[in-house]
Amino acid sequence: MLPRARPRLLVTLLAVALVGALTGCSLFEDDKPSTPVAQPTAGTAGGGSQLEIPTTVAAGQVSLLQRLGEDGPMRTLSVERNGAWQCVDCAGDGVTSRGTLAPELTERLQVLLANPRLADETDQARRYRTTCIDALTSSLITSTGLITSQDCPGEELTPVAGEILLLLTQATPAEVKG
């Protein structure tokens, strides 16, 4: 594999994992909290045809995909407009956790997601390329697009997306740990 192809592959796999986690049913079914679920996997649909990978979600929603290195477990956190969240494999143990953000955090998240500067922080706008190996890679999927960051020296922080990432990791079981 070419060195420049790896970052694109990682982003693609992250997006495919999100599709796998979100397809078929609502995030907030009536099953019990902390029920073990299968870990999302990358793949193709229909016997080999490529999946269309979403890079946005509806306005007011956000998804966070995190992976430590190339072989670490994938954490998938999805937050609805009303603050309800679901985190798949947050601790790397296959368990799904659910909850609701406090009203003030939900309001703050909505303000951040509506910030017009967020569009300038997307991977496409920044022409973002991952640069570190075995770093924690966090990808936010917002209505403006995909915003990726890595926990490594020299990584330029995105102000609005960085605040969203911090809010999500402090208010839910998805923790930024490298």
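Below, the figures for the structure above:
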quantity: Some residue of segment 118-138 being open to solvent by 10 Å² or more (accessible area, probe 1.4 Å), outside any loop (DSSP other than H, G, I, E, B), among the charged types (D, E, K, R) and within 19 Å of Gln170 (Cβ to Cβ); calculated: no
quantity: Members of segment 52-92 that are in contact with a helix residue (DSSP H, G or I) (Cβ under 9 Å, 6 or more places away or on another chain), among the charged types (D, E, K, R) and touching a residue at least 60 places away in the same chain (Cβ under 8 Å); calculated: Arg67, Glu70
quantity: Scope segment 61-77; condition surrounded by fewer than 22 Cβ atoms within 10 Å (Cβ to Cβ) and at pLDDT 95 or above; matching residues; calculated: Gln61
quantity: Residue under evaluation Pro153, criteria (1) outside any strand (DSSP E or B); (2) under 21 Å from Met74 (Cα atoms), criterion not met; calculated: (2)
quantity: For Val95: the one exception among (1) surrounded by fewer than 16 Cβ atoms within 10 Å (Cβ to Cβ); (2) out of contact with any helix residue (DSSP H, G or I) (no Cβ under 9 Å at 6 or more places or on another chain); calculated: (1)
quantity: Any chance Glu107 is open to solvent by 80 Å² or more (accessible area, probe 1.4 Å) and either in contact (Cβ under 8 Å) with a residue 60 or more places away in the chain or not in a strand (DSSP E or B) (or both); calculated: yes
quantity: Meets criteria (exposed (fewer than 15 other Cβ atoms within 10 Å of the Cβ), of a type outside the set (S, T, N, Q), in contact with a Lys or Arg (Cβ under 9 Å, 6 or more places away or on another chain) and outside any strand (DSSP E or B)) for Glu163; calculated: no
quantity: Any chance Ile141 is aliphatic (A, V, I, L, M), out of contact with any Cys (no Cβ under 6 Å at 6 or more places or on another chain) and loosely packed, with under 14 Cβ neighbours inside 10 Å; calculated: no
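The values are calculated or read from the model by the stated rules, or taken from the named source; none is laboratory data. As the structure is a computational prediction, the values presented were derived from the model and not from experiment. With ideal geometry, Cβ positions are generated from the backbone for all residues, glycine too; neighbour counts draw on all protein chains shown. Only protein heavy atoms, including side chains, enter the accessible area calculation; ligands, DNA and RNA are left aside. Shrake-Rupley method; radii C 1.70, N 1.55, O 1.52, S 1.80 Å.
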